[in-house]
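Below: one structure, written as structure tokens.
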Amino acid sequence: MKQRCERDKEARHVAIIMDGNGRWATRRGLPRTAGHRAGADAVRRVVEAAPGLGIGTLTLYAFSSDNWQRPAGEVSALMRLFVRYLRAETARCVADGVSVSVIGRRDRLADTVRAAIEACEAATARGRQLNLRLAIDYSGRATILAAAAATKPGEGVEEFDRRVRGLAPDGGEVPPLDLLIRTGGEQRLSDFLLWECAYAELWFTRVLWPDFGAAHLGDAVTDYRNRERRFGRVLEQAV
Ligand code: FPP
């Protein structure tokens, strides 16, 4: 797999584990769902800020496969929020050149959620400013297992990589993950983009997701630009 050299400092593909909605709400005496609604506003802020920071692909962890275990009321509130977001943001995404796609399982989503996803994907497909990928019912381990099950004898690591990353064999590019951000103070991957994180830079902040904005994203990208990426080589080889 080709890895970019040290001189190439742009964080082209950034992923975010958006954590802290529940605590944000609880601290204000609000129901957790109010935290998720405020979290949707933070999503709008980072989507708006990303292209100006050189980010071409932004992958957001909206709902993990393990999140189905949350109370039913919270799960359905999240699903309603996704539908509302997708419907409400489609026109703005088209105007701003943002293409939206969803990664993860779709077979367990309600028809209304699937329909909202498909409509938003179709309407925004031509966007070239930012590729916004929302991970819904996503599991990194399940994705790797599915790719392993689909692998044919003789296929090498390049093909496997494309399968895990959900890329068509004949095209369809998602750049390698450069930077993974997690808000909310925890320092773990929580089954997100496990394969893609192999050489990603990690950036953690205590800021709760609903408080996250363009300035925080800028801080993370600046920190990323100051790091040395060597991909297992020594620095002289990497530059
Ligand atoms: C984790 O915080 C957050 C989630 C499980 C949901 C993420 C969803 C959003 C940010 C809503 C908007 C998203 C879109 C795409 C419109 P938590 O609830 O686990 O927080 P806690 O750790 O403080 O309890």
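Readers should treat all values here as calculations from the given coordinates under stated rules, not as data from a laboratory. From a predicted model like this one, the values you see are computed outputs, not experimental measurements. Note that each Cβ is placed from the backbone with ideal geometry, even for glycine, and that neighbours are counted across all protein chains shown.
Find the all-direction average of the projected area of the Cα convex hull for the chain, expressing the result in square nanometres with one decimal place. The Cα convex hull of the chain, projected and averaged over all directions, gives 13.5 nm². Three principal axis extents of the range 191-232 based on alpha-carbon atoms, in descending order, are 35, 27, 14 Å. Restricting the range 106-204 to GluC sites (Glu not before Pro) that sit in a DSSP loop and have at most 15 other Cβ atoms within 10 Å of their own Cβ leaves 155, 173, 186. For the listed peptides 26-34, 137-145, a ranking on the average number of other beta carbons within 10 Å per residue, highest first, reads 137-145, 26-34. Over the chain, dividing the summed -39,500 (n - 2.57) contributions of all DSSP H runs of at least 4 residues by the number of residues returns a 222 nm mean residue ellipticity of -13000 deg cm²/dmol. Measuring from centroid to centroid over Cα atoms, what is the spacing of the range 76-96 and the range 103-129 in Å? Centre-to-centre distance over Cα atoms comes out at 10 Å. For the chain, a Gaussian network of Cα nodes joined below 10 Å ranks 19, 111, 211 by mean-square fluctuation, and the top entry is 111.
Here the range 38-120 is treated as a sphere whose radius is the Kirkwood value from Cα pairs; by Stokes-Einstein at 4 °C and 1.567 mPa s it diffuses with a coefficient of 94 µm²/s.
Taking 0.36 nm per residue of separation and subtracting the Cα-Cα distance, full extension of the segment from residue 148 to residue 188 would add 12.0 nm. Farthest toward the positive end of the dipole of the chain, out of 145, 166, 190, is the Cα of 190, where the dipole comes from beta carbon charges about the Cα centre.
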